[in-house]
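K.L.:
Before I ask anything, here is the structure I am working with.
The values are calculated or read from the model by the stated rules, or taken from the named source; none is laboratory data. Quick caveat, the model's predicted, so the values are computed rather than measured. For neighbour counting, all protein chains shown are included, and Cβ atoms are generated from backbone atoms with ideal geometry for every residue, glycine included. Protein only, heavy atoms only, side chains kept; ligands, DNA and RNA dropped before computing areas. Shrake-Rupley method; radii C 1.70, N 1.55, O 1.52, S 1.80 Å.
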Amino acid sequence: MESRALASSPLHKIPISRKQRKPHTFLLSTNSKQLPISCSYKRSVDRELTRAVELGCNGSDKSSKFANIIKKAAIGFVAAAAISINGCDSSALAESLTIAFPASRATEVNTVQRTLVEAWGLIRETFIDPTFNHQDWDSKLEQTMVEMFPLKSADAAYGKISGMLASLGDPFTRIISPKEYQSFRIGSDGNLQGVGIFINTEPTSGHLVVLSCIEGSPADRAGIHEGDEIVEINGESVSGLNGELAAQKLRGRVGTTVTVKLVSEQGDDKNDHLQREVRIPREVIRLSPLSSTIISHQLNDGHVVKTGYVRLSAFSQTAASEMENVITEMENQGVQSYILDLRNNPGGLVKAGLDVAQIWLDGDETLVNTVDRDGNMLPISLVESHALTHDPLVVLVNEGSASASEILAGALHDNGRAILVGHKTFGKGKIQSVTELNDGSALFITVAKYLSPSLHEIDQVGIAPDVQCTPDALNAVVPFQSKDKTKASSLEMDSCIMVAEHELEVQQSKGSAS
């Protein structure tokens, strides 16, 4: 799958209070049950080379072995950072322990040391595997801190945190830098500041090219087109930059401008190029993860049958509200059946997936079952939900449908609401929390796994469709960011949509017969 970078930055809608040191946490793939992973941190300076970090977490269960580690860690270090770990649930049972480790003289490394402790504490309290991949997690903190001490750069220090997390054996538990976290939030917030273009490095030439412009964006109004090559940003060459690094240079605050030098092809002659420079204002850009159209067919008797096609490319914060608006509009236009396309949708916010499910389901149906680190299963169910439509529904899935897509597909299928058409899904049945840490980086932690409403295992298994199809023209479907709208005529070239339409006809005929 082609990777893309968006030249915009997210609006920070949830400010982090540096006074309270409370991290921003949400669940990536459920917010319906928030696990006790929010911890508050405060710092104080005891003496010149000593840093103290106080960490408050839920449910401390420290052991004497941990105390012995602490004693050993203190030996031989003149400059030490002390960490108090206190259970928050009961002051009577709270236990205060101190870990001594060397405080780096390099300021940027010392900052990452505090991030290490923060990440370690969150993993200790919430990671799905209580054995931490059969290792002593307390000793792992000591080992990582000692390895980090002689380093000179923050990047190298972050590498040590990544190494510690890799030892858990879970590729989904990871840390990302503050800049990477900003890019991640672009996909989940749906609110951006920038010029509104998607760019990527062309693999053969290494040139930085424009993939598409968001319709009506500053870049679109400036006359930038798909295929234009970006050669300079604010007078600096982009040679050697990948799409994400270049996108970071294009992002910025609303009201500022960025100057871009472009090379464009002239006419049909690919050797005829025009070089130009444009100054583009940065504005608030709103992305939609959803595209839709109505596919109409006229029957022999002259009656027109309408099928609503809705493609959801990601589960962002706006996904459910946008889908609700589209379905309401289609109902008003007399649509009689629906195709929900989740192909190549990698997931996103689990809460968004659950909210979308409520658009299609009634009553108190179970949407998904979560299983925590202790093996406790918690069903997440609707509460007196009222579907917007009861018209026949087919959901398209494939091997690129993952995480929240699988939760939604499983909920609709197991509750008898939809037929699944396509190929077996990816098989990502784990839920991650995402916590913004004190330094602006973010920690992804696998905190639970999920089962379908019928208790089918999804992780590393996937969901098999009711009807398989060969997606001959899937790649021809235009991405939702494209300036060109998805047309019903081009959709009907997609063999999976043809299969879906057939299944809808079967459902409608059964409904008529009954």
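K.L.:
Please find, within segment 205-250, the residue that is surrounded by the fewest Cβ atoms within 10 Å (Cβ to Cβ) out of those that are charged (D, E, K, R) and in contact with a helix residue (DSSP H, G or I) (Cβ under 8 Å, 6 or more places away or on another chain).
P.N.:
Once the filter is applied, the top-ranked residue is GLU236.
K.L.:
Given the structure, is ILE458 surrounded by 14 or more Cβ atoms within 10 Å (Cβ to Cβ), modelled with pLDDT of 90 or more and farther than 30 Å from THR131 by Cβ?
P.N.:
The answer is no for ILE458.
K.L.:
Okay, moving on. Just one of VAL326, VAL335, VAL356, VAL284 is in a strand (DSSP E or B) and either among the hydrophobic types (A, V, I, L, M, F, W, C) or touching an Asp or Glu at 6+ places or on another chain (Cβ under 9 Å) (or both); which is it?
P.N.:
When all the criteria are applied, what remains is VAL284.
K.L.:
Spot the failing condition for SER337; the list is (1) at pLDDT below 95; (2) touching a Pro at 6+ places or on another chain (Cβ under 6 Å), and only one is missed.
P.N.:
(1)
K.L.:
Checking the condition open to solvent by 10 Å² or more (accessible area, probe 1.4 Å), out of contact with any Phe, Trp or Tyr (no Cβ under 7 Å at 6 or more places or on another chain) and either basic (Lys, Arg) or at pLDDT 95 or above (or both), which residue from GLY422, GLY410, GLY416 passes?
P.N.:
When all the criteria are applied, what remains is GLY416.
K.L.:
Might you check whether a residue that is under 17 Å from GLY353 (Cα atoms), modelled with pLDDT of 95 or more and assigned to a helix (DSSP H, G or I) occurs anywhere in segment 442-455?
P.N.:
Within segment 442-455 (the criterion being under 17 Å from GLY353 (Cα atoms), modelled with pLDDT of 95 or more and assigned to a helix (DSSP H, G or I)), the answer is no, since none of the residues qualifies.
K.L.:
May I ask you to list the residues in segment 107-137 that are more than 23 Å from PHE172 (Cβ to Cβ) and charged (D, E, K, R)?
P.N.:
If the condition is that a residue be more than 23 Å from PHE172 (Cβ to Cβ) and charged (D, E, K, R), then GLU108, ARG114 are the ones that fit.
K.L.:
So VAL263 fits all but one of (1) of a type in the set (Val, Ile, Thr); (2) more than 22 Å from GLN182 (Cα to Cα); (3) buried (at least 17 other Cβ atoms within 10 Å of the Cβ); what number is the exception?
P.N.:
The single condition VAL263 does not satisfy is (3).
K.L.:
Restricting to segment 96-114, give me the number of residues that are at pLDDT below 70, among the polar types (S, T, N, Q) and either over 27 Å from GLY159 (Cα atoms) or open to solvent by less than 30 Å² (accessible area, probe 1.4 Å) (or both).
P.N.:
So the answer is 1.
K.L.:
Right, another one. Modelled with pLDDT of 95 or more and of a type outside the set (Asp, Glu): which single residue out of GLY308, GLY267 fits that description?
P.N.:
Answer to the selection: GLY308.
K.L.:
Let me ask another. Return the total of residues in segment 372-387 being out of contact with any Ser or Thr (no Cβ under 6 Å at 6 or more places or on another chain), open to solvent by 20 Å² or more (accessible area, probe 1.4 Å) and either of a type outside the set (Asp, Glu) or closer than 29 Å to MET330 by Cα (or both).
P.N.:
7
K.L.:
Next question. Looking at segment 346-360, which of its residues are touching a strand residue (DSSP E or B) at 6+ places or on another chain (Cβ under 6 Å) and either within 21 Å of VAL383 (Cα to Cα) or of a type in the set (S, T, N, Q) (or both)?
P.N.:
The answer is LEU349, VAL350, ALA352, GLY353, LEU354, ALA357, GLN358.
K.L.:
Give the residue that is modelled with the lowest pLDDT, with candidates limited to residues of segment 488-501 that are surrounded by 14 or more Cβ atoms within 10 Å (Cβ to Cβ) and within 18 Å of VAL335 (Cα to Cα).
P.N.:
So, considering only residues that are surrounded by 14 or more Cβ atoms within 10 Å (Cβ to Cβ) and within 18 Å of VAL335 (Cα to Cα), the one modelled with the lowest pLDDT is ALA488.
K.L.:
Which ones in segment 121-147 are under 18 Å from SER104 (Cα atoms) and in contact with a strand residue (DSSP E or B) (Cβ under 9 Å, 6 or more places away or on another chain)?
P.N.:
If the condition is that a residue be under 18 Å from SER104 (Cα atoms) and in contact with a strand residue (DSSP E or B) (Cβ under 9 Å, 6 or more places away or on another chain), then LEU141, GLU142, MET145, VAL146 are the ones that fit.
K.L.:
Can you name the number of the only condition in (1) modelled with pLDDT of 55 or more; (2) open to solvent by 40 Å² or more (accessible area, probe 1.4 Å) that LEU93 fails?
P.N.:
Going through the list (1) modelled with pLDDT of 55 or more; (2) open to solvent by 40 Å² or more (accessible area, probe 1.4 Å), LEU93 breaks only (1).
K.L.:
Also: What are the residues in segment 426-439 that are assigned to a loop (DSSP other than H, G, I, E, B) and either open to solvent by less than 10 Å² (accessible area, probe 1.4 Å) or in contact with a Cys (Cβ under 7 Å, 6 or more places away or on another chain) (or both), if any?
P.N.:
Scanning segment 426-439 gives GLY427, GLY429, LEU437.
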